[in-house]
Amino acid sequence: MPERSTESDSSVSAGAAFAAHPGATADLAAREAAATDRSGYVPASLPDAVVRCESVDDVVEALRLAHARGVPVVPRGAGTGLAAGASAHAGQVVVDVRGMNRILSIDPVEMVAVVEPGVLNAEVNAAAAEYGLFYAPDPASTAICSIGGNIATNAGGMWCAKYGVTRESVLGLRVVLADGRVLRTGRGTIKGVTGYDLTALLIGSEGTLGIVVEATLRLRPRPVRTETLAAYFPDVETAGRAASAITAARIQPSILELMDGPTLDAVDRAEGTRHRELGGAFLLAQTDGFGAHLELDEIVRAVEPFATSIRRAADEGEAAALVKARRDAIPALERLGRVSIGDIAMPRNRLADAFAGLEEIAARTGVRIFSVAHAADGNLHPIVVVGPDESITEGPAKAALGEMFHLAKRLGGTLTGEHGVGLLKREWVAEELGETSIELQHAIKAAFDPGGILNPGKAI
């Protein structure tokens, strides 16, 4: 792996252009902390400076300076991204919005929250819970990921099985454009079709079109009842067939998560649990609403032909422990080495084929691949684990990542379901989208950011 330079490669430091900004710093520790995310990617050099923003005016000033001087800017929130979308290098300046972390308002009647981008996902849910509400998109990293980052990648999570991903829960945005202008999109109402849907366009754009400084979020009533079960299977392909059987039975769980045997081993070692003793794969299902128990009965009937054992949670504590096992998966794998978390998606009836394909890729490349999945929407997270000093951007790990994409494509799927393209997957984007789509997307990028300063080299 190449040694990373701590110096700017540019003849005139980009950081110098921001010397007058009140939030700017060229401190080495700050630049190192802001250089990358949780993807495992290590940039070859560090950004020239970090601008810490605490207000909309701070972001406006930063982008006006960048626009005037042609300085590339990398937006950054909590830094929990998994595709190197927040990675920055020499000649670039990081615009950090973690300090914009206020919940501005909650309207419990309209069930709407207005928040700044640095607010953590779990903080929104904690505040909404006081009114008997919740915010549906809940990535496994809910305790540490920010709303701005969730919007940048159109993040999903466990509840997306029933309630949809971020795009279905954002009503409007306030965004600072590349030249410092402030754009408001959407509205505070549930319905509205005036003009093009710029809110939907900005969600998932990975900070390449503007920097989100405020979001109007749709909240939902907390379910009056939930029911939870864990089912265990001899192997992950059988678990995949069981998940597909739930979909075929027209059942709508609120959570349907899957983990393979090696991931269960890692969780058990990290947390002292004993899931692996019960089977070679684990399926977590949860239903909610007045008929939650009846829906769970139907899930039991759908998976019984495949399962070695089924365990219904007796109370909220046991249910929380089962959900926690799924949330513990990635932290447990991070103890084993450097991780690169894949994010492919395919039709839900091809889950078993996908797991079989991943096992074949692991055998052929010699790379360790652990699999977890949002099984209700066909979103798999094959996780490559390498040694702490090994690269994820070259050699066998990179080859495995490419093979995963081609597997998803063969199965009628996609390169990324919710983590975004970032830097790690950009070379396969054109193959998936096609020439006409790429041309249109570059034209959209040019309309929003004619100077090409916003998160260059990412997404498209």
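The values are calculated or read from the model by the stated rules, or taken from the named source; none is laboratory data. No experiment lies behind these values; they were computed from the predicted model shown. Neighbour counts run over all protein chains shown; Cβ positions are idealised from the backbone, glycine included.
What is the residue count in the range 247-260 for residues that are crowded, with 24+ Cβ neighbours inside 10 Å and under 8 Å from ALA302 (Cβ atoms)?
As a first pass, look at the range 247-260 and keep what is crowded, with 24+ Cβ neighbours inside 10 Å: 253, 255-260.
Retained after the next criterion (residues that are under 8 Å from ALA302 (Cβ atoms)): none.
Final tally of qualifying residues: 0.
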Q.
Being farther than 30 Å from PRO396 by Cβ and either at pLDDT 95 or above or among the hydroxyl-bearing types (Ser, Thr, Tyr) (or both): is that true of PHE282 here?
A. no
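Across the range 229-279, what is the number of residues that are among the hydroxyl-bearing types (Ser, Thr, Tyr), touching a strand residue (DSSP E or B) at 6+ places or on another chain (Cβ under 6 Å) and outside any strand (DSSP E or B)? Can you show your working first?
Initial filter on the range 229-279 (among the hydroxyl-bearing types (Ser, Thr, Tyr)): 232, 238, 244, 247, 254, 263, 273.
Narrowing further to those that are touching a strand residue (DSSP E or B) at 6+ places or on another chain (Cβ under 6 Å): 232, 254, 263.
Subset that is outside any strand (DSSP E or B): 254, 263.
Matching residues across the range 229-279 total 2.
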Q | Residue among THR36, THR25 that alone is more than 21 Å from the chain's Cα centre (by Cα) and either surrounded by fewer than 24 Cβ atoms within 10 Å (Cβ to Cβ) or free of Cβ contacts under 8 Å to residues at least 60 places away in the same chain (or both) | A | THR25
Q: Kindly state which helices (runs of 4 or more DSSP H) lie completely within the range 375-460 and contain at least 3 residues that are of a type in the set (A, V, I, L, M, F, W, C), without any contact (Cβ under 8 Å) to a residue 12 or more places away in the chain and not assigned by TED's automatic domain parsing to the domain that holds SER39.
A: 435-448
**Q.** Qualifying position, being in a loop (DSSP other than H, G, I, E, B), in the same structural domain as THR238 (by TED's automatic domain parsing) and under 15 Å from ALA281 (Cα atoms), among PHE355, PHE306, PHE370
**A.** PHE306
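Looking at the range 287-328 only, could you name the residues that are farther than 15 Å from SER244 by Cα and acidic (Asp, Glu)? Break it down into steps so the answer makes sense when it comes.
From the range 287-328, those farther than 15 Å from SER244 by Cα are 287-297, 308-328; that's our starting set.
Passing the criteria: ASP288, GLU295, ASP297, ASP315, GLU316, GLU318, ASP328.
Considering only the range 254-287, state which residues are acidic (Asp, Glu) and either closer than 15 Å to LEU336 by Cβ or in contact with a helix residue (DSSP H, G or I) (Cβ under 7 Å, 6 or more places away or on another chain) (or both). Explain how you work it out, then say what you get.
Here is the first cut: in the range 254-287, the residues acidic (Asp, Glu) are 257, 260, 265, 268, 271, 277.
Selection gives GLU257, ASP260, ASP265, ASP268, GLU271.
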Q. Which of (1) within 22 Å of PHE18 (Cα to Cα); (2) in the same structural domain as ALA34 (by TED's automatic domain parsing); (3) under 17 Å from the mean Cα position of the chain (by Cα); (4) not charged (D, E, K, R) does PRO72 not meet, given it meets every other one?
A. (3)
Q. Does the range 120-127 contain at least one residue that is over 24 Å from the mean Cα position of the chain (by Cα) and not in a loop (DSSP other than H, G, I, E, B)?
A. no
Q: Test ALA325 against the stated conditions and say whether it is outside any loop (DSSP other than H, G, I, E, B), in contact with a His (Cβ under 8 Å, 6 or more places away or on another chain) and not charged (D, E, K, R).
A: yes
